[in-house]
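Peer 1: Quick one: the structure is below, questions incoming.
The values are calculated or read from the model by the stated rules, or taken from the named source; none is laboratory data. Treat the numbers as computed from the prediction; the structure is a model and nothing was measured. No Cβ is skipped: glycine too gets one built from the backbone with ideal geometry, and neighbour counts run over all protein chains shown.
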Amino acid sequence: MLKELEKKLREQHAAWTEDRLWDAFAAVAPKKVKGRSQAGRFADLVALVRFALEREQVLEPFAQTVNQRFVEWIERNTAKDVMFTPEQRAWLELIRDHIATAISIEPNDFNYAPFSQRGGLGKAHQLFGAELPKLLDELNEVLAV
């Protein structure tokens, strides 16, 4: 749906880029806007929509929100004595970064860089086992929603 929204904005209002919309909100409500959208960052459309619909009180880059939610998720897991190995943690950070730019992650995404360069879906299964699908669903929900 976001891709459709972006396409419609481009077709009907070519000047309405994520950057320009961000700047408009910054001009109208400067105290509610944190940071800047990174040029051409499609995922920031999520932050813009949430802010415009008043689902978020502050407009901040989507990647920043994802990172904050990731830190909180790691802390909750640590509190439940769920520990990740350094290699698992590195993969979780790659997954976080992917969600921050692509809005979600699916098993097919492991066929592409940077995952494919580190062993792809097979390596992810090796690291997380049968829990991988559940883990991806959880990260999609916790980080992006």
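Peer 1: Could you say which residue among Glu56, Glu131 is modelled with pLDDT of 95 or more and either assigned by TED's automatic domain parsing to the domain that holds Thr17 or of a type in the set (Asp, Glu) (or both)? Can you show your working first?
Peer 2: On the way: Glu56 fails: modelled with pLDDT of 95 or more.
Step by step, each of Glu56, Glu131 is checked, and only Glu131 is modelled with pLDDT of 95 or more and either assigned by TED's automatic domain parsing to the domain that holds Thr17 or of a type in the set (Asp, Glu) (or both).
Peer 1: Across region 58-103, what is the total count of residues that are of a type in the set (Val, Ile, Thr), closer than 21 Å to His125 by Cα and part of a helix (DSSP H, G or I)?
Peer 2: Step one: of region 58-103, the residues of a type in the set (Val, Ile, Thr) are 58, 65-66, 71, 74, 78, 82, 85, 95, 99, 101, 103.
Next, from what is left, pick out any that are closer than 21 Å to His125 by Cα: 74, 82, 85, 95, 99.
The next check asks that each one be part of a helix (DSSP H, G or I); those that pass are 74, 95, 99.
The qualifying residues number 3.
Peer 1: When the residues of region 68-104 are filtered to those that are within 13 Å of the chain's Cα centre (by Cα) and of a type in the set (Gly, Ala, Ser), which remaining residue is surrounded by the fewest Cβ atoms within 10 Å (Cβ to Cβ)?
Peer 2: Result: Ala102.
Peer 1: If I filter region 105-117 down to residues being surrounded by 13 or more Cβ atoms within 10 Å (Cβ to Cβ) and not in a loop (DSSP other than H, G, I, E, B), which single residue comes out as farthest from the chain's Cα centre (by Cα)?
Peer 2: Ser116
Peer 1: Taking the condition within 16 Å of Ala144 (Cα to Cα) and not β-branched (Val, Ile, Thr), does Ala102 pass? Show your work before the answer.
Peer 2: Details: within 16 Å of Ala144 (Cα to Cα): yes; not β-branched (Val, Ile, Thr): yes.
Yes.
Peer 1: How many residues, within region 1-21, are modelled with pLDDT under 65, in a helix (DSSP H, G or I) and exposed (fewer than 12 other Cβ atoms within 10 Å of the Cβ)?
Peer 2: The qualifying residues number 0.
Peer 1: Kindly provide the set of residues from region 32-51 that are at pLDDT 80 or above and either in the same structural domain as Arg69 (by TED's automatic domain parsing) or not in a helix (DSSP H, G or I) (or both), ordered by number.
Peer 2: Kept after step one, since they are at pLDDT 80 or above, are these residues of region 32-51: 32-35, 43-51.
Matches in region 32-51: Val33, Lys34, Gly35, Ala43.
Peer 1: Conditions: (1) closer than 29 Å to Phe25 by Cα; (2) touching a Gly at 6+ places or on another chain (Cβ under 6 Å). His98 meets all but one. Number of the miss?
Peer 2: (2)
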